[in-house]
Structure formats: structure tokens, C-alpha cells
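Please read the structure below before turning to the comments.
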Amino acid sequence: MRFEIQAECSETGARAGLLHTAHGIIETPVFMPVGTQATVKGVTQRDLAGELDARIILANTYHLFLRPGNQLIRQMGGLHQFMAWPRAILTDSGGFQVFSLSDLRKITDQGVLFRSHLDGDAHLFTPESTVDVQMDFGSDIMMVLDECLAYPSSHEAANHAMQRTVQWARTAYSHYTRKVEETGSLSALFPIVQGSMFPDLRRACANELLELNAHGYAIGGLSVGEPRALSLEMTEVTAPLLPKDKPRYVMGVGMPEELPEYVARGVDMMDCVLPSRNARNGYLFTSEGRVVIKQARYRDDPAPVDPKCSCYTCRTHSRAYLRHLFQASEILFSSLATLHNLQYYLDRMRQIRQSILLGTFPAYLDGLRRSAVE
Ligand SMILES: [Zn+2]
């Protein structure tokens, strides 16, 4: 994997680049749609690649490990072939889901013991095993196992989890290096900076992880219930500590208006379930603000969801039709709404990228901030 920076904003930390992977070139900054169970809910792979032109999607190791299992996915030729997605895939380490979904988990220095939320079976994730599982998937970008705390956490607990995260990253990396030598795997591995909301811990964690000389670095432990301003502040503290010539990925953010804020702080990659989850619940992001489709005022509204959007849904259907589908709990609503919300996010990222290339990003950011205040 190779990262190439094409342009940098002289006023902010924003950069535009190209991330070369075994499954295509990704233009950054990039928003990665979330395909938890090897599917972006409600959207076909054809539309993801064609209509939306998504270059990379995210899948969740925890879910795919439990069902259908990494052995099966490997037997079916890896995740790309299994789900018929020829473009890039990033998988998380499963740590975040273990901490948020499963119960009866026990964390030791070796790893995390947990019970499946599906059938209660006990499983152990270690820094080594999560690399093996993701290599079975054939992910383009794999993440190391980390310990992610809820918000708020004490400095002591955060320090402890951060130290463990560093130790696990070292273990994962030596295992990964051996496996790459053995198998010639092209998968990259990103370590994750933790440290909760404490700048001193974020700094210490980043310094330790730099020694790994990784392909890229992630900032984790955000979007865990903290105020949004604090997530941005932690990113602002952490991003400048990471290597300039490597991609930086902030996990699990954010609202559409926050995307340029992260980019301004030097972030190249983001993912979030918001566009797809909100779509299914009838919340649509538009250039004129949020549309809550169930509202009675859309009952006989012939206009598209967003007149400025070029997605299939907006090109084809009215708000009135979408409201009808939503009220009738029709499956098609989820598909059409998700398609629109994802297009909104991806278009916004493409605009951001374009403005960085043109040298107009500060004005673009300024305009967005002003319209947010109004
Ligand atoms: Zn649209």
C-alpha cells in the first residue's frame, strides 16, 4: 500500500491524496460506507460501485467472525470474492464491537474473552488471532486489536487501557510481519491511538505507536458518548503527532457538517453508520438541512429529497412517494434512502477534496461554518 499526497492546504492541516491498494486507488479524504455484515444494508454492490462510486467500504470483523466465520470466507476465496466487491475493504479488529455488543467479557494482557451476542458461545480475541482472521478475509486494511473505553473514563483507567493497546499493537505487528514474510500478504495493518479524552495519554500512545512504522494510523476511542467538540479536540491533539506521509483514519465519525472539520485537522479517512442508519429511520441529509420524511408536510410534495442531489433516488422519486414507502414500511424505502444519504456524504467528501486540490478549502470551510451558524 502506498500513500501519495497531491495537495496540502496552506492554512489548515487538510490534505488531498491517493491511497494505492491491491484493489484500486482511493481518492482521499474519503468517507467509507459501513458494510457491517459484508453488506451495506439495502444497497447492492452494483450501486455502491456504479451509482455511488465508493472506492472503499468497511466491514466488521466481530460480526463476520461469528457469522459466517472467517474459515468459510477464506474457503469462498476471501471477502472480496465472497461478497463480489472488487474494490478495497477495510476491516476493524472486532475490539469495538466486543466492548459494545457482547457481555461477560474478560480482558487480560493476552486478549479479550467474550460471549457471542448471537448464541452465547465463548470466544477469545488476541492481537494475533484478529490479524489471522482479517488475513483470512483478505482485507486491504486491517486494524489492530485495541482496548476502547466508554466515556467518561478516569485517567487511571484510560492510561491502563492505552498501555495495553500499545502492547497489543506491538504483539500484533510482530505476528503480522512474520505472516507477511510467510504468505506474501498485501494487507496493511493500522495501529490505533487510544487515550480517551486525555491529551497526555494520546501523545504518549502516538509516540509509542510511531515506532511500528505502520502503513497508516487510526485515531480510535471517539464517538463513545463524549460531546462532539471533544472528539474534534482529541483529533486536533493527535493528528499532528502522526507521520505526515501516512494516511490518518478517525474511526466512527461524524455528522455531515463535521467531515470538513476533521479534514481541516489533517484526517484522510472516516467512517460512520449515521448516513445508512439514519436513512433507514427516515432521516435524510440534504443541502437544505435534514428532511424527516414521515412529516405530514411531505405528503403531497412532488419535489425530490434534495434538488441539488444527483443520486438515483433524487433523479427519480418525489418526497411524497418516499414518504408513502416509509409509512407503509416498504423495503424499497431503506434502499432509496440509504442510496441518497451515502451519496450526500460521498459528494461532500468529493467537494472537500476538490477544494483542497484547487486551494480553496479555507473558503469552503468558512462558508460551511457560516451556514451552520445561521
Ligand atoms: Zn439524492
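The values are calculated or read from the model by the stated rules, or taken from the named source; none is laboratory data. Note that this is a predicted model, so its numbers are computed, not measured. Glycine gets a Cβ as well: all are built from the backbone with ideal geometry, and neighbour counts include every protein chain shown. Just so you know, the surface numbers come from the protein's heavy atoms only, side chains and all, with ligands and any DNA or RNA stripped out. Shrake-Rupley method; radii C 1.70, N 1.55, O 1.52, S 1.80 Å.
With no other cysteine's Cβ closer than 4.7 Å, which Cys residues of the chain count as lacking a disulfide-compatible partner?
Cys with no partner Cβ under 4.7 Å: Cys9, Cys148, Cys205, Cys272, Cys311.
Distance from a point 7 Å along Cα→Cβ of Gln71 to each backbone N in the range 127-154: keep the residues under 14 Å and list them by number.
Under cut-off, by backbone N: 133.
Kindly rank 251-264, 355-368 from highest to lowest mean number of other beta carbons found within 10 Å of each residue. Intermediate results must be reported in sequence, preceding the final value.
On the way: 251-264: 21.9, 355-368: 17.1.
The densest-packed peptide leads the list: 251-264, 355-368.
Going by average Cβ density within 10 Å per residue, which order do the peptides 333-344, 230-241, 287-298, 51-62 take, highest to lowest?
The densest-packed peptide leads the list: 333-344, 51-62, 230-241, 287-298.
Test of understanding: what is the full-extension gain from Thr44 to Lys106, defined as 0.36 nm times their sequence separation minus their Cα-Cα distance?
Extra length available between Thr44 and Lys106 comes to 18.6 nm.
How large, in percent, is the carbon and sulfur part of the accessible surface of the chain at a probe radius of 1.4 Å?
On the chain, the fraction of accessible area on carbon and sulfur atoms equals 50 percent.
If packing is taken as the average number of other Cβ atoms within 10 Å across a peptide's residues, how do 123-133, 214-224 rank, most packed first?
214-224, 123-133
Would you mind computing, in nm to one decimal, how far apart the modelled labels at Leu358 and Gln37 are, each placed 7 Å from Cα along Cα→Cβ?
About 4.2 nm, to one decimal.
Roughly how many debye, to the nearest 20, is the charge dipole of the chain about its Cα centre, given +1 on each Lys and Arg Cβ, -1 on each Asp and Glu Cβ, and no other charges?
Here the size comes out at about 800 debye.
Under a 1.4 Å probe, what is the accessible area of the chain per residue, stated in Å²?
43 Å²
I'd like to verify something in the chain: which complete DSSP H helices, judged by Cα projection on the helix axis, reach 20 Å or more and average at least 0.0 on the Kyte-Doolittle scale? Before the final figure, lay out each step's value.
Details: long enough: 155-183 (40 Å, -1.23); 331-358 (41 Å, 0.24).
The answer, listed by residue number, is 331-358.
Leaving out same-chain residues fewer than 8 places away, which lysines sit with a Cα under 26 Å from that of Lys41?
Cross-link targets: Lys294, Lys308.
May I ask you to compute the full-extension gain from Leu210 to Arg369, defined as 0.36 nm times their residue separation minus their alpha-carbon distance, rounded to one decimal in nm?
Here the answer is 53.9 nm.
So how much slack lies between Asp300 and Thr316, counting 0.36 nm per residue of separation and subtracting their Cα-Cα distance, in nm? Show your work: numbers first, answer last.
Working: separation 16, 0.36 × 16 = 5.76 nm, distance 1.57 nm.
Full extension from Asp300 to Thr316 adds 4.2 nm.
Nearest 5 is fine: what % of DSSP beta bridges in the chain come out antiparallel, could you say?
50 percent
Need one word for the range 151-218: rounded, prolate or oblate. Basis is the Cα gyration tensor (sqrt eigenvalues a ≥ b ≥ c); a/c below 1.5 gives rounded, then a/b vs b/c decides.
prolate
Using the Cα gyration tensor of the chain, with a ≥ b ≥ c the square roots of its eigenvalues, what is the shape: rounded (a/c below 1.5), prolate (a/b larger than b/c) or oblate (neither)? Don't skip to the answer; put the middle values down first.
Numbers: a/c = 1.60, a/b = 1.32, b/c = 1.21.
Here the chain falls in the prolate category.
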